[in-house]
């Protein structure tokens, strides 16, 4: 019997049935424009604000600090571009393994002469050098720091509370791309001290093209998108009502089962590592060790093979969905900027496996069986 194994959940996750059920009324019958001043509009406006309050409680923030966006990329752009413009930021500290939504935005700002970007050092595992970060902060007080909570390709976890404390000590504005961790970890932004954080709903079984930027009430920035008074004059355009409702439901489900799902997926990842170690001599793993990394992601470095370019294609033909890096770079013939930044041997094929609560041991076994065949071809 043929098996299909979807193991690319860091790219996107299947939408939860409960999420779809919550969204459907706002596609079929509750269709009013939330800016309209009649009952149809009031109904959808109320749904948006209920969702905002629901989401805010999970992060110990005010509903007024949640600004809905089209996803993580827009949230990152809003955080970086608008804070540079509005707060007089002249120096930004970041890393070479950030998502392209951060790196490309910072490169654009630097090319325009608006900021100087300083890149914090990384070790061979891609771990942020906190001592170097503090040195940069000390020399550049009042800078903007943008460091992701979990890397989407190698799964490295930032010690986010330590970084938040350092940023507060040196009066830096701390933004974190938390796209891979929201819905997977409990985050309290009063304790973490991040002043901005980005979210994308489709990474935890919510709808695509829906997310938000958490923006501390202590910051005042101008909008990224103009054209209307929506989101308290912070983002023009009619709100994605059913997407917002779906995201709130996805958070509800995630937090309802968070400990159970964490334990299940960690067990799957451990099982995957055990099978890979037994099946493929010389296999290595990019990034931090499994215990210190994002429990949903494993980046595998295989021994050299004759036909590196065909490996993902062959796995796809076998019904297995994995990635060679970020989904945002798929279809582009280039090496992973993350793996290049940490000095990986780019001649060896690397595969990102990313897991969800919907995966099974049977799928893991099938993947390892097929990988063992294809990496020898």
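The values are calculated or read from the model by the stated rules, or taken from the named source; none is laboratory data. The model shown is predicted, which means the values in this text are computed figures rather than measured ones. A quick note on method: Cβ atoms are made from the backbone with ideal geometry, for glycine too, and the neighbour counts reach across all protein chains shown.
Things worth noting here:
- Here residue 357 does not fit the description of being modelled with pLDDT under 95, surrounded by 13 or more Cβ atoms within 10 Å (Cβ to Cβ) and not in a strand (DSSP E or B).
- One residue alone among 297, 305 is under 21 Å from residue 344 (Cα atoms) and either modelled with pLDDT of 95 or more or touching a helix residue (DSSP H, G or I) at 6+ places or on another chain (Cβ under 6 Å) (or both), and that residue is 297.
- Residue in segment 48-69 that is part of a loop (DSSP other than H, G, I, E, B), in contact with a strand residue (DSSP E or B) (Cβ under 9 Å, 6 or more places away or on another chain) and modelled with pLDDT of 95 or more present: yes
- Filtered residue count, segment 4-44, keeping only those that are part of a helix (DSSP H, G or I), surrounded by 14 or more Cβ atoms within 10 Å (Cβ to Cβ) and under 30 Å from the mean Cα position of the chain (by Cα): 8
- Positions within segment 308-347 being at pLDDT below 90, in contact with a helix residue (DSSP H, G or I) (Cβ under 8 Å, 6 or more places away or on another chain), crowded, with 17+ Cβ neighbours inside 10 Å and under 21 Å from residue 96 (Cα atoms), in sequence order: 324, 325, 326, 329
- Filtered by the rule that a residue be in contact with a helix residue (DSSP H, G or I) (Cβ under 7 Å, 6 or more places away or on another chain) and either outside the structural domain of residue 370 (by TED's automatic domain parsing) or more than 17 Å from residue 336 (Cβ to Cβ) (or both), segment 282-294 gives 283, 290.
- Hits in segment 237-262 (condition: part of a helix (DSSP H, G or I), touching a residue at least 40 places away in the same chain (Cβ under 8 Å) and over 13 Å from residue 201 (Cα atoms)): 241, 255, 258, 261, 262
- Test: residue in segment 159-168 that is in contact (Cβ under 8 Å) with a residue 60 or more places away in the chain and touching a strand residue (DSSP E or B) at 6+ places or on another chain (Cβ under 8 Å): no
- Hey, residue 180 surrounded by fewer than 20 Cβ atoms within 10 Å (Cβ to Cβ) and either over 18 Å from residue 67 (Cα atoms) or under 22 Å from the mean Cα position of the chain (by Cα) (or both) or not: no
- Residues considered: 137, 114, 122, 130. Of these, the only one that is surrounded by fewer than 22 Cβ atoms within 10 Å (Cβ to Cβ), outside the structural domain of residue 337 (by TED's automatic domain parsing) and more than 22 Å from the chain's Cα centre (by Cα) is 114.
- Any hit, segment 205-225, residues being without any contact (Cβ under 8 Å) to a residue 24 or more places away in the chain, assigned to a helix (DSSP H, G or I) and either within 30 Å of residue 34 (Cα to Cα) or outside the structural domain of residue 74 (by TED's automatic domain parsing) (or both): no
- Residue 209 vs. criteria surrounded by fewer than 20 Cβ atoms within 10 Å (Cβ to Cβ), farther than 26 Å from residue 289 by Cβ, under 21 Å from the mean Cα position of the chain (by Cα) and modelled with pLDDT of 95 or more: yes
- Residue 153 being at positive phi, touching a strand residue (DSSP E or B) at 6+ places or on another chain (Cβ under 8 Å) and either surrounded by 16 or more Cβ atoms within 10 Å (Cβ to Cβ) or in the same structural domain as residue 44 (by TED's automatic domain parsing) (or both): no
- Subset of segment 186-196 (residues that are in contact with a strand residue (DSSP E or B) (Cβ under 8 Å, 6 or more places away or on another chain) and touching a residue at least 60 places away in the same chain (Cβ under 8 Å)): 187, 189, 196
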